[in-house]
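As structure tokens, the structure follows; a few thoughts come after it.
Every read-out reported here was derived from the displayed coordinates using simple, explicitly stated rules and does not represent laboratory data. These figures come from a predicted structure and were not determined experimentally. For neighbour counting, all protein chains shown are included, and Cβ atoms are generated from backbone atoms with ideal geometry for every residue, glycine included.
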Amino acid sequence: MPNSSYSEALEYLYSLTHSGIKLGLENTSKLLEYFENPHLGIRTIHISGTNGKGSTAAIIESILRTAGLKTGLYTSPHILDFRERTPNQSQFN
């Protein structure tokens, strides 16, 4: 069973309500600018489509990690536990 601080954090995240969708990238752009655009220094692979994204991501992550690169893998949605979205074997800079 998850510890209480994890449970409390997860409960808080799920309690957040959305007041609607604001289309566009303005908020994201402002946030990235505030943090001095960290995304510009990170090489990423974004996988989209209907089927096979999880398998493709896992294969690519494994190949890169085997080649000695530091990897980070984020998947959504999770199946059983929120922590599935960032596997333990991934390393973040």
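Sorting 65, 43 on the 10 Å Cβ count, fewest up front, what's the list? Could the numbers behind the result be given before it?
On the way: 65 15, 43 6.
So the residues, fewest neighbours to most, are 43, 65.
Cβ-to-Cβ counts within 10 Å put 56, 50 in ascending order as 50, 56, the fewest first. Based on the Kirkwood radius over alpha-carbon pairs, what is the Stokes-Einstein translational diffusion coefficient of the chain at 37 °C with 0.692 mPa s viscosity, in µm²/s? Using the Kirkwood radius from Cα pairs, D works out to 202 µm²/s.
Sum -39500 (n - 2.57) across every DSSP H segment of at least 4 residues in the chain, then divide by the residue count to get the 222 nm mean residue ellipticity, nearest 500. Working shown, then result.
On the way: 3 runs with 35 residues, N = 93.
Here the helix-only value at 222 nm equals -11500 deg cm²/dmol.
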